[in-house]
Ligand code: PMV
(Lines give C-alpha, C1' and ligand atoms only; values in the text may rest on other atoms or scores of the structure.)
Protein backbone atom coordinates (compact mmCIF):
# COMPACT_ATOMS: atom_id res chain seq x y z
CA UNK A 1 0.00 0.00 0.00
CA UNK A 2 1.11 3.57 -0.63
CA UNK A 3 3.00 5.63 1.87
CA UNK A 4 1.82 9.20 2.46
CA UNK A 5 3.19 12.22 4.28
CA UNK A 6 1.25 15.29 5.37
CA UNK A 7 2.24 18.64 6.80
CA UNK A 8 -0.26 20.47 8.99
CA UNK A 9 -0.15 23.76 10.87
CA UNK A 10 -1.21 24.38 14.42
CA UNK A 11 -3.84 27.08 14.80
CA UNK A 12 -4.70 29.82 17.25
CA UNK A 13 -8.35 30.25 18.12
CA UNK A 14 -9.79 33.78 18.25
CA UNK A 15 -13.11 32.40 19.50
CA UNK A 16 -12.28 29.36 21.63
CA UNK A 17 -13.57 25.83 21.89
CA UNK A 18 -13.86 24.95 25.59
CA UNK A 19 -16.44 22.36 26.60
CA UNK A 20 -17.94 19.46 24.66
CA UNK A 21 -21.52 18.73 23.79
CA UNK A 22 -20.61 15.09 23.00
CA UNK A 23 -17.42 13.58 24.39
CA UNK A 24 -17.23 10.50 22.15
CA UNK A 25 -17.75 12.46 18.93
CA UNK A 26 -15.84 15.59 20.05
CA UNK A 27 -18.81 17.81 19.29
CA UNK A 28 -18.19 21.28 20.74
CA UNK A 29 -20.66 23.32 22.75
CA UNK A 30 -20.00 26.30 20.46
CA UNK A 31 -18.58 27.27 17.09
CA UNK A 32 -15.03 28.65 17.02
CA UNK A 33 -12.77 30.69 14.72
CA UNK A 34 -9.01 30.41 14.20
CA UNK A 35 -6.00 31.16 12.05
CA UNK A 36 -3.41 28.60 10.92
CA UNK A 37 0.16 29.20 12.09
CA UNK A 38 3.11 29.20 9.70
CA UNK A 39 5.95 28.13 11.97
CA UNK A 40 4.30 25.66 14.33
CA UNK A 41 3.73 22.58 12.24
CA UNK A 42 3.58 18.79 12.38
CA UNK A 43 4.83 16.47 9.66
CA UNK A 44 3.59 12.86 9.67
CA UNK A 45 4.27 9.84 7.47
CA UNK A 46 1.93 6.83 7.48
CA UNK A 47 2.32 3.48 5.75
CA UNK A 48 -0.06 0.53 6.13
CA UNK A 49 1.55 -2.93 5.96
CA UNK A 50 1.74 -6.46 7.33
CA UNK A 51 3.13 -5.67 10.80
CA UNK A 52 1.33 -7.23 13.78
CA UNK A 53 0.93 -3.93 15.67
CA UNK A 54 0.74 -0.24 14.88
CA UNK A 55 4.10 1.42 15.41
CA UNK A 56 4.30 5.12 16.26
CA UNK A 57 7.57 7.04 16.33
CA UNK A 58 7.50 10.63 17.66
CA UNK A 59 10.67 12.71 17.16
CA UNK A 60 12.67 9.52 16.57
CA UNK A 61 11.39 7.66 19.66
CA UNK A 62 8.84 4.84 19.94
CA UNK A 63 5.63 6.04 21.55
CA UNK A 64 3.84 3.75 24.01
CA UNK A 65 1.82 6.01 26.31
CA UNK A 66 -1.71 7.43 26.29
CA UNK A 67 -0.73 9.28 23.12
CA UNK A 68 -0.10 5.91 21.39
CA UNK A 69 -3.66 4.81 22.24
CA UNK A 70 -5.11 8.02 20.83
CA UNK A 71 -3.17 7.53 17.58
CA UNK A 72 -4.28 3.88 17.29
CA UNK A 73 -7.94 4.86 17.89
CA UNK A 74 -7.62 7.41 15.12
CA UNK A 75 -6.01 4.88 12.76
CA UNK A 76 -8.95 2.57 13.58
CA UNK A 77 -11.38 5.26 12.34
CA UNK A 78 -9.43 5.49 9.07
CA UNK A 79 -9.24 1.68 8.72
CA UNK A 80 -12.99 1.42 9.25
CA UNK A 81 -13.70 4.02 6.55
CA UNK A 82 -11.28 2.36 4.12
CA UNK A 83 -12.41 -1.20 4.94
CA UNK A 84 -8.88 -2.40 5.74
CA UNK A 85 -7.35 -4.12 8.76
CA UNK A 86 -3.65 -3.55 8.02
CA UNK A 87 -1.47 -2.13 10.80
CA UNK A 88 0.37 1.13 10.28
CA UNK A 89 3.82 2.53 10.69
CA UNK A 90 3.62 6.18 11.73
CA UNK A 91 6.43 8.68 12.16
CA UNK A 92 5.72 12.21 13.31
CA UNK A 93 7.73 15.32 14.09
CA UNK A 94 6.83 18.76 15.43
CA UNK A 95 8.68 21.99 14.83
CA UNK A 96 7.81 23.15 18.37
CA UNK A 97 7.70 21.82 21.99
CA UNK A 98 4.85 19.56 23.06
CA UNK A 99 2.11 20.49 25.56
CA UNK A 100 2.93 24.11 26.29
CA UNK A 101 -0.32 25.71 25.20
CA UNK A 102 0.23 25.57 21.50
CA UNK A 103 -2.43 23.27 20.15
CA UNK A 104 0.01 20.50 19.21
CA UNK A 105 -2.92 18.10 19.06
CA UNK A 106 -4.43 20.30 16.32
CA UNK A 107 -1.48 20.04 13.95
CA UNK A 108 -0.76 16.47 15.06
CA UNK A 109 -4.20 15.03 14.39
CA UNK A 110 -4.68 17.10 11.21
CA UNK A 111 -1.42 15.72 9.77
CA UNK A 112 -2.24 12.17 10.92
CA UNK A 113 -5.74 12.39 9.41
CA UNK A 114 -4.56 13.51 6.00
CA UNK A 115 -1.53 11.17 5.84
CA UNK A 116 -3.47 8.11 7.07
CA UNK A 117 -6.50 8.75 4.83
CA UNK A 118 -4.25 9.17 1.83
CA UNK A 119 -2.09 6.10 2.67
CA UNK A 120 -5.29 4.06 3.04
CA UNK A 121 -6.39 5.11 -0.46
CA UNK A 122 -9.36 7.17 0.73
CA UNK A 123 -10.27 10.24 -1.24
CA UNK A 124 -12.11 12.51 1.14
CA UNK A 125 -13.34 16.08 0.66
CA UNK A 126 -11.90 18.87 2.83
CA UNK A 127 -15.09 18.83 4.89
CA UNK A 128 -14.88 15.05 5.43
CA UNK A 129 -11.23 15.37 6.42
CA UNK A 130 -12.07 18.06 8.96
CA UNK A 131 -14.86 15.89 10.41
CA UNK A 132 -12.42 12.98 10.68
CA UNK A 133 -9.66 15.19 12.16
CA UNK A 134 -12.15 16.47 14.76
CA UNK A 135 -12.63 12.92 16.06
CA UNK A 136 -8.89 12.79 16.91
CA UNK A 137 -8.82 16.21 18.57
CA UNK A 138 -11.49 18.89 18.23
CA UNK A 139 -9.18 21.73 17.25
CA UNK A 140 -7.59 19.53 14.53
CA UNK A 141 -10.74 20.12 12.44
CA UNK A 142 -9.60 23.75 12.09
CA UNK A 143 -6.08 22.84 10.87
CA UNK A 144 -7.39 21.16 7.70
CA UNK A 145 -8.77 24.19 5.74
CA UNK A 146 -6.66 27.20 4.67
CA UNK A 147 -5.99 30.50 6.42
CA UNK A 148 -8.86 31.88 8.51
CA UNK A 149 -11.18 29.08 9.55
CA UNK A 150 -14.53 28.63 11.24
CA UNK A 151 -15.54 25.36 12.91
CA UNK A 152 -19.31 25.06 12.74
CA UNK A 153 -20.44 23.42 16.00
CA UNK A 154 -23.14 21.23 14.40
CA UNK A 155 -25.31 18.76 16.24
CA UNK A 156 -24.02 15.44 14.91
CA UNK A 157 -20.90 13.88 13.45
CA UNK A 158 -21.30 14.92 9.80
CA UNK A 159 -22.30 18.56 10.35
CA UNK A 160 -19.58 19.54 12.83
CA UNK A 161 -16.85 20.62 10.41
CA UNK A 162 -14.47 23.45 9.63
CA UNK A 163 -14.18 25.58 6.51
CA UNK A 164 -12.01 28.45 5.32
CA UNK A 165 -13.71 31.83 5.16
CA UNK A 166 -10.61 33.80 4.11
CA UNK A 167 -7.35 32.61 2.53
CA UNK A 168 -4.09 33.29 4.43
CA UNK A 169 -3.20 36.33 2.29
CA UNK A 170 -6.52 38.05 3.11
CA UNK A 171 -5.00 39.92 6.08
CA UNK A 172 -1.37 39.95 7.17
CA UNK A 173 -1.74 39.76 10.91
CA UNK A 174 0.79 37.82 12.97
CA UNK A 175 0.79 35.63 16.05
CA UNK A 176 3.97 36.26 18.03
CA UNK A 177 4.09 33.11 20.15
CA UNK A 178 5.84 33.80 23.44
CA UNK A 179 6.80 30.61 25.30
CA UNK A 180 7.53 30.84 29.00
CA UNK A 181 8.00 27.16 29.77
CA UNK A 182 8.86 24.05 27.80
CA UNK A 183 7.56 21.68 30.43
CA UNK A 184 4.53 19.59 29.57
CA UNK A 185 1.38 20.92 31.25
CA UNK A 186 -0.17 18.92 34.09
CA UNK A 187 -3.80 18.89 32.90
CA UNK A 188 -4.43 18.21 29.22
CA UNK A 189 -7.31 19.75 27.30
CA UNK A 190 -9.29 16.47 27.28
CA UNK A 191 -9.64 16.66 31.07
CA UNK A 192 -10.05 20.43 30.89
CA UNK A 193 -13.05 20.27 28.53
CA UNK A 194 -14.78 17.94 30.98
CA UNK A 195 -14.30 20.44 33.84
CA UNK A 196 -15.68 23.45 31.94
CA UNK A 197 -19.27 22.84 33.04
CA UNK A 198 -18.26 22.88 36.71
CA UNK A 199 -17.60 26.62 36.47
CA UNK A 200 -20.50 28.82 37.60
CA UNK A 201 -19.56 31.12 34.69
CA UNK A 202 -19.76 28.48 31.97
CA UNK A 203 -23.40 29.04 31.03
CA UNK A 204 -22.96 32.80 30.85
CA UNK A 205 -19.90 32.28 28.63
CA UNK A 206 -21.77 29.99 26.26
CA UNK A 207 -24.75 32.35 26.09
CA UNK A 208 -22.51 35.21 24.94
CA UNK A 209 -20.55 33.29 22.34
CA UNK A 210 -22.79 33.38 19.24
CA UNK A 211 -22.99 37.20 19.29
CA UNK A 212 -19.25 37.43 19.98
CA UNK A 213 -18.50 35.20 16.99
CA UNK A 214 -20.59 37.42 14.72
CA UNK A 215 -18.82 40.57 16.01
CA UNK A 216 -15.41 38.96 15.47
CA UNK A 217 -16.22 37.97 11.88
CA UNK A 218 -17.53 41.47 11.25
CA UNK A 219 -14.25 42.98 12.52
CA UNK A 220 -12.32 40.56 10.29
CA UNK A 221 -14.45 41.56 7.32
CA UNK A 222 -13.77 45.25 8.00
CA UNK A 223 -10.10 44.53 8.82
CA UNK A 224 -10.70 46.62 11.93
CA UNK A 225 -7.68 45.54 13.95
CA UNK A 226 -8.52 47.38 17.20
CA UNK A 227 -12.03 45.93 17.44
CA UNK A 228 -10.79 42.51 16.35
CA UNK A 229 -7.96 42.49 18.92
CA UNK A 230 -10.18 43.66 21.77
CA UNK A 231 -12.64 40.80 21.09
CA UNK A 232 -9.82 38.24 20.82
CA UNK A 233 -8.24 39.30 24.11
CA UNK A 234 -11.52 39.48 26.03
CA UNK A 235 -12.51 36.05 24.69
CA UNK A 236 -9.28 34.41 25.88
CA UNK A 237 -9.63 35.94 29.34
CA UNK A 238 -13.28 34.85 29.43
CA UNK A 239 -12.24 31.23 28.72
CA UNK A 240 -9.51 31.42 31.36
CA UNK A 241 -12.13 32.83 33.75
CA UNK A 242 -14.05 29.57 33.26
CA UNK A 243 -10.86 27.54 33.73
CA UNK A 244 -9.90 29.39 36.93
CA UNK A 245 -13.38 28.87 38.40
CA UNK A 246 -13.72 25.19 37.48
CA UNK A 247 -13.71 22.60 40.20
CA UNK A 248 -10.89 21.72 40.64
CA UNK A 249 -9.52 25.03 39.39
CA UNK A 250 -7.41 25.00 36.25
CA UNK A 251 -4.59 27.49 36.39
CA UNK A 252 -2.57 27.17 33.21
CA UNK A 253 -0.53 30.34 33.72
CA UNK A 254 3.04 30.63 34.98
CA UNK A 255 4.28 33.83 36.64
CA UNK A 256 5.96 34.81 33.36
CA UNK A 257 2.62 34.44 31.54
CA UNK A 258 1.33 37.40 33.51
CA UNK A 259 4.57 39.34 33.13
CA UNK A 260 4.31 38.98 29.34
CA UNK A 261 0.65 40.03 29.29
CA UNK A 262 1.41 43.11 31.39
CA UNK A 263 4.27 44.03 29.06
CA UNK A 264 1.95 43.73 26.06
CA UNK A 265 -0.58 46.04 27.74
CA UNK A 266 2.15 48.55 28.60
CA UNK A 267 3.48 48.52 25.04
CA UNK A 268 -0.08 48.98 23.77
CA UNK A 269 -0.53 52.05 25.96
CA UNK A 270 2.66 53.34 24.41
CA UNK A 271 1.25 52.92 20.88
CA UNK A 272 2.60 49.48 19.90
CA UNK A 273 -0.77 47.84 19.34
CA UNK A 274 -1.16 44.12 20.05
CA UNK A 275 -3.52 41.84 21.97
CA UNK A 276 -3.01 38.62 23.93
CA UNK A 277 -4.72 35.28 23.63
CA UNK A 278 -3.90 31.99 25.38
CA UNK A 279 -4.92 28.37 24.92
CA UNK A 280 -4.78 25.67 27.60
CA UNK A 281 -1.22 26.44 28.67
CA UNK A 282 1.17 29.18 29.81
CA UNK A 283 2.23 30.30 26.31
CA UNK A 284 1.12 33.82 25.36
CA UNK A 285 0.01 34.39 21.76
CA UNK A 286 0.46 38.05 20.90
CA UNK A 287 -1.72 39.09 17.95
CA UNK A 288 -0.43 42.07 16.00
CA UNK A 289 -0.23 43.58 12.55
CA UNK A 290 2.72 42.45 10.46
CA UNK A 291 4.47 45.83 10.60
CA UNK A 292 4.81 45.50 14.40
CA UNK A 293 5.74 41.81 14.62
CA UNK A 294 9.51 42.18 14.59
CA UNK A 295 9.62 44.94 17.20
CA UNK A 296 7.24 43.04 19.49
CA UNK A 297 9.25 39.85 19.08
CA UNK A 298 12.45 41.68 20.05
CA UNK A 299 10.88 43.46 23.02
CA UNK A 300 9.11 40.35 24.37
CA UNK A 301 12.19 38.12 23.98
CA UNK A 302 13.93 40.09 26.71
CA UNK A 303 11.09 39.74 29.25
CA UNK A 304 12.19 37.73 32.30
CA UNK A 305 11.03 34.10 32.05
CA UNK A 306 10.59 34.01 28.27
CA UNK A 307 12.29 30.96 26.75
CA UNK A 308 11.39 31.30 23.05
CA UNK A 309 9.54 33.60 20.68
CA UNK A 310 8.23 32.47 17.28
CA UNK A 311 6.57 34.84 14.81
CA UNK A 312 3.78 33.22 12.77
CA UNK A 313 1.76 34.45 9.82
CA UNK A 314 -1.46 32.88 8.51
CA UNK A 315 -0.93 29.86 6.23
CA UNK A 316 -2.72 27.16 4.28
CA UNK A 317 -4.09 24.13 6.08
CA UNK A 318 -2.97 20.49 5.95
CA UNK A 319 -1.41 19.29 2.71
CA UNK A 320 0.32 16.26 1.24
CA UNK A 321 4.09 16.60 0.78
CA UNK A 322 6.51 14.42 -1.18
CA UNK A 323 9.33 14.08 1.33
CA UNK A 324 8.65 11.13 3.69
CA UNK A 325 10.05 10.73 7.21
CA UNK A 326 11.01 7.09 6.51
O1 PMV B 1 -8.58 20.27 20.53
P2 PMV B 1 -8.37 20.26 21.99
O3 PMV B 1 -9.19 19.21 22.68
O4 PMV B 1 -6.90 20.15 22.34
O5 PMV B 1 -8.90 21.66 22.60
C6 PMV B 1 -8.32 22.90 22.32
C7 PMV B 1 -8.79 23.90 23.29
C8 PMV B 1 -8.15 25.29 23.21
O9 PMV B 1 -6.90 25.24 22.58
C10 PMV B 1 -7.96 25.81 24.63
C11 PMV B 1 -9.06 26.27 22.50
C12 PMV B 1 -9.16 26.15 21.00
O13 PMV B 1 -10.24 26.44 20.48
O14 PMV B 1 -8.17 25.82 20.34
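Annotations for the structure displayed:
- If only residues of segment 124-145 that are within 15 Å of residue 7 (Cβ to Cβ) and in contact with a strand residue (DSSP E or B) (Cβ under 7 Å, 6 or more places away or on another chain) are counted, the one that is surrounded by the most Cβ atoms within 10 Å (Cβ to Cβ) is 144.
- Of all residues in segment 155-206, none satisfies the criterion of being touching a strand residue (DSSP E or B) at 6+ places or on another chain (Cβ under 6 Å), at pLDDT below 95 and away from the ligand (no atom under 16 Å from the Cβ).
- For residue 251: the one exception among (1) free of Cβ contacts under 8 Å to residues at least 12 places away in the same chain; (2) within 21 Å of residue 151 (Cα to Cα); (3) within 16 Å of the ligand (Cβ to nearest atom): (2)
- Restricted to segment 1-13, and to residues there that are farther than 15 Å from residue 134 by Cα and either out of contact with any helix residue (DSSP H, G or I) (no Cβ under 8 Å at 6 or more places or on another chain) or assigned to a strand (DSSP E or B) (or both), the residue that is nearest to the ligand (Cβ to nearest atom) is 12.
- All positions within segment 14-73 that are on the phi > 0 side of the Ramachandran plot and within 14 Å of the ligand (Cβ to nearest atom): 19, 26
- Residue 246 meets all of the listed conditions (1) more than 18 Å from the chain's Cα centre (by Cα); (2) surrounded by 13 or more Cβ atoms within 10 Å (Cβ to Cβ); (3) in a helix (DSSP H, G or I) but one, namely (3).
- Residue match in segment 282-291 (condition: within 16 Å of residue 35 (Cα to Cα) and either surrounded by fewer than 22 Cβ atoms within 10 Å (Cβ to Cβ) or without any contact (Cβ under 8 Å) to a residue 24 or more places away in the chain (or both)): yes
- Where residue 80 falls short, out of the listed (1) more than 26 Å from residue 187 (Cα to Cα); (2) buried (at least 19 other Cβ atoms within 10 Å of the Cβ); (3) out of contact with any helix residue (DSSP H, G or I) (no Cβ under 6 Å at 6 or more places or on another chain): (2)
- Listing of strands (runs of 3 or more DSSP E) fully contained in segment 274-326 that carry 3 or more residues being over 30 Å from residue 47 (Cα atoms): 274-277, 284-289, 308-312
- Exclusive hit being within 18 Å of residue 74 (Cα to Cα), touching a helix residue (DSSP H, G or I) at 6+ places or on another chain (Cβ under 8 Å) and more than 16 Å from the ligand (Cβ to nearest atom), set 88, 140, 119, 106: 88
- When we screen 233, 218 for residues that are more than 14 Å from the ligand (Cβ to nearest atom), modelled with pLDDT of 95 or more, farther than 18 Å from residue 12 by Cα and in a helix (DSSP H, G or I), the only hit is 218.
- Of everything in segment 198-207 that is part of a helix (DSSP H, G or I) and touching a residue at least 12 places away in the same chain (Cβ under 8 Å), the residue that is farthest from the chain's Cα centre (by Cα) is 198.
The values are calculated or read from the model by the stated rules, or taken from the named source; none is laboratory data. These numbers were taken from a predicted model, which means no experiment stands behind them. Using ideal geometry, Cβ is built from the backbone for each residue, glycine included, and neighbour counts are taken over all protein chains shown.
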